[in-house]
1. Taking a virtual spin label 7 Å from the Cα of ASN228 along the C-beta vector, which residues in the stretch 65-108 bring their backbone nitrogen under 19 Å of it?
2. Rank these for me by crowding, LYS312, LYS361, going from fewest to most other beta carbons within 10 Å.
3. Over the Cα atoms of the chain, compute the convex hull volume and normalise it per residue, giving Å³.
4. Where does helix 34-43 land angle-wise versus the long Cα axis of the chain, in degrees 0 to 90, nearest 10?
5. Taking the Cβ-Cβ separation of LYS312 and LYS184 as r and a Förster radius of 35 Å, what is the calculated FRET efficiency to the nearest 0.05?
6. Mind sorting VAL166, VAL254 by how few other Cβ atoms lie within 10 Å of their own Cβ, fewest first?
7. Any cysteines in the chain with zero other Cys Cβ atoms under 4.7 Å from their Cβ? List them, or say none.
8. In the neighborhood of ALA271, defined by Cβ-to-Cβ distances under 11 Å, what is the net charge if each Lys or Arg adds +1 and each Asp or Glu adds -1?
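Throughout, read-outs are computed from the coordinates displayed, never taken from laboratory work. Small disclaimer: the values here were computed from a predicted structure and weren't measured. Don't worry about glycine lacking a Cβ; one is built from the backbone with ideal geometry, like all the others, and counts go over all protein chains shown.
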Amino acid sequence: MIFRQLNPHACRTYLVGARGSSGIVLIDPVLEHVAEYLELLDRDQLRLSQVIDTHTHADHISGGAALSDQTGCEYLMHTSAPSQCVTSRLTDGFEFKIGSIPIKVMDTPGHSKDSISLIFPDRILTGDVLFLDDGGAGRDDLPGGDPGEHWDSLQRILGLPDHFVVYPAHDYRDRQPSSLGEQKKYNPHLKAQTKSEYVEYVDELMLGPADWMKDVVQANYACARDPNAAWIPLDVAACEVKGTLDQGVNGQQVEEISAEELKRRLDGDRAPVLLDVRESKELHGEWGHLLGIEHLPIGALSGHLPDLERHKDKQIVTICRTGGRSHTAAQILMQAGFDQVYSLGGGMRAWKRAGYPIDYKW
Ligand SMILES: [Fe+2]
């Protein structure tokens, strides 16, 4: 089998072919590299028979439409993909061959509705449903994303043999493809024991996609052939769950305080500013909220830092449901120069369990 990854950067494009057969397939080609792909095909006298996108991409414009125009190859995506220039639609369980190499399509929604994985005899191309090692998996807050469906898809992938090697559509830190067995040991997205545990884990990591990603999705829906159809920043790990945060945010060391310590500070002379970073509907939901909070959802925080300047000389305690989003919010504030920032460990759950006052009106 001929199997090569073609791109120098984070987006992975795989060239697959069978020895002795000139027809090859490109999987997840990137529009800005199309001229290089065509040059390579010409040089190695290969004929492009098919292009496959594992899903509608949000961080780059697909080369599928341009390659189909220029070579006459088929362009394949899942049957639910909104792109109109796709020439054939794939469904779960569909089997086909590249030369003598059998490939099976597996529906693996979660990162997007139209996500598929491609199963080879000894490997799986997972798209953005499963990345490598601490890269985890693709974000679920893009259009059509769904953490519950993502969990179901991961369970299907985990049903494959442990020796299958995982080839994702992205890798942002030069990780090497490794087996499913290795991923079971090291990938944080494969640690949850139940669907509800996984959904809770992912919910706590969701920030909402950057606006430019929504523009890229639209460009792919419209089969863009112009690499400038959407603006795309360089070197951003955009499809990872926290990949659109400014560089340096993840390295900030946050001090957590307990519910008891927060109560003590609130009863003292200089009560801290309480910044709740959950979504509005959560403030009057099961866990309620503390009295006197300021509210700014985590996805909007980076864009509203100037509004918080007036609190720069005060203590700020960030709050969410269980302490995940508040930890990220504290990191964003620290990166922006706020130096008295704390995150409520265990979030509203810990506060409620301690029996302290909660308000449900919002
Ligand atoms: Fe993606």
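1. 66
2. With the fewest neighbours first, LYS312, LYS361 line up as LYS361, LYS312.
3. Dividing the Cα hull volume of the chain by its residues yields 136 Å³.
4. 30
5. So, using R0 = 35 Å, E works out to roughly 0.20.
6. Sorted ascending by nearby Cβ count, the order is VAL254, VAL166.
7. Cys with no partner Cβ under 4.7 Å: CYS11, CYS73, CYS239, CYS320.
8. Neighbourhood net charge equals +3.
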